[in-house]
Amino acid sequence: MTHDVIVVGGSYAGMAAALQLLRARRRVLVVDAGQRRNRRATASHGFLGHDGRDPAWIANVARSQLERYPTLSWIEGTAVAAAGAADAFTVTTGEGTGHRARRLLLALGVSDALPEVPGLAERWGRSVFHCPYCHGYELDRGAIGVIATGPMSLHQARLLPEWGRVTLLCNGALDPDPATESELSARGVAIERAPVARIEGHADVVLADGRRLGFAGLFTASRTAPASDLAGQLGCALMDTPMGTQIETRDNRETTVAGVFACGDAARVPHSVTLAVGDGAWAGAQVHQSLVFPPAPSPTPASPAGG
């Protein structure tokens, strides 16, 4: 069987895209490894109609709604290989089974490269965050620490005073010059240059000199990359952004490889559930239209006159 579209990734962007395709009565296969980026979070904020909901609940309800459409197939597993060209793609799962499709949509999500601070990874999504619009309000104007990773941390430190009293923990990743210090001071940001030894409790930062700083929450700018190498296998171009590496796409979410589309966190910045859902819905519609209105073949070059 050849599906119209295989969607690799069944989180928010992938399901939003699949919904548009299913409603166009297309045969859609979703391959999902079950690794939502926000799987450790207990609440999703800023998503209209679902503010404060458990993100797992949102995902489960969405899947149940997709399953009402008879042209959906769903595989719980990992896509380990992809190859082919438009109208003749093959995606192979970890079990070794190949699945064929006319189009591919990569909703791969991203992996986060976090600072190597003991105790940080265990608190990621619970008391250590990356997006103030998703988590800042719940800190109730309390003390906020920014663990620096690079230039994006300065942006976080400048922005976060909207949500509380901010301390920029340079941790060897930044050394603000006097002009930057003055700018941060004007925003009420304190600067701490002592290295971070570890994180304990809810969000207590223990410095290398033994001091302990208590915070309502911590923010850090992770470096992101697509959570799978499928885009690279297919020959899709990648691009660097201030937040990490993402799949390069055009406005219609098609990659540099004809017939391969990408959406969600792996193909856009910044990242949030709301933006992922919107991006997925747009991508799904664009994939459908590529099936309805395939590109015209390139004209054959005329033979040069001669004789």
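Only sites in a loop by DSSP and with at most 13 other Cβ atoms within 10 Å count here; which GluC sites (Glu not before Pro) in region 138-197 make the cut? Answer in residue order: no site qualifies. If both residues of a DSSP beta bridge must be in the chain, then about 45% of such bridges are antiparallel.
Of the trypsin sites (Lys or Arg not before Pro) found in region 188-230, those that fall in a DSSP loop while having at most 16 other beta-carbon atoms within 10 Å are Arg193, Arg211.
Only Cα pairs under 8 Å and at least 6 apart count here; give the relative contact order of region 97-187 as a rounded whole percent. Could you put the intermediate results ahead of the total?
Details: 68 pairs, mean separation 20.5, N = 91.
The normalised contact order for region 97-187 reaches 23 percent.
Fully extending the segment from Ala81 to Asn60 would add 4.9 nm, taking 0.36 nm per residue of separation and subtracting the current Cα-Cα distance.
Left without a cysteine partner by the 4.7 Å Cβ rule in the chain: Cys170, Cys236, Cys263.
Distance between the C-alpha centres of region 49-110 and region 159-193: 42 Å, rounded to the whole angstrom. Taking only complete DSSP H runs, can you tell me which helices of the chain stretch 24 Å or more along their own long axis by Cα positions and average at least -0.5 on the Kyte-Doolittle scale? For the chain, where a helix must reach 24 Å along its axis and average at least -0.5, the hits are 273-292. A cut-off under 15 angstrom between Cβ atoms defines the neighbours of Arg100, and their net charge, with Lys, Arg +1 and Asp, Glu -1, is +2.
When N counts the residues of region 115-220, how does its alpha-carbon radius of gyration compare numerically with 2.2 N^0.38 Å, as a ratio? Before the final figure, lay out each step's value.
On the way: Rg = 12.4 Å, N = 106, 2.2 N^0.38 = 12.9 Å.
That ratio works out to 0.96.
Just to be sure I understand: if I project the alpha-carbon convex hull of the chain onto a plane and average over all orientations, what area do I get in nm²? Display every interim value, and only then the final one.
Numbers: hull surface 85.3 nm².
Average of the hull's projected areas for the chain equals 21.3 nm².
When the charge dipole of the chain is built from unit charges on Cβ atoms (+1 for Lys and Arg, -1 for Asp and Glu) and taken about the Cα centre, the candidate among Val7, Phe219, Leu29 whose Cα reaches farthest toward its positive end is Leu29. Extending 7 Å from Cα along the Cβ direction at Arg100 and again at Arg198 yields two label points whose distance is 5.7 nm. Dipole check for the chain: with +1 at the C-beta of Lys and Arg, -1 at the C-beta of Asp and Glu, and the Cα centre as origin, the magnitude is about 820 Debye. Report the antiparallel proportion of the DSSP beta bridges in region 115-220 as a percent, rounded to a multiple of 5. Here the antiparallel bridges make up roughly 30 percent for region 115-220. The local environment of Gly232, defined by Cβ-Cβ distances under 15 Å, has a net charge of -3 under the rule Lys, Arg +1 and Asp, Glu -1. Between Pro270, Pro295, Pro151, which gets the highest mean-square fluctuation from a Gaussian network model of the chain, Cα cutoff 10 Å? Between Pro270, Pro295, Pro151, it is Pro295 that shows the largest mean-square fluctuation.
Quick note: the coordinates plus some simple rules give every number you see, no bench work behind them. Note that the coordinates shown come from a computational prediction; the quantities given were computed from them, not determined experimentally. With ideal geometry, Cβ positions are generated from the backbone for all residues, glycine too; neighbour counts draw on all protein chains shown.
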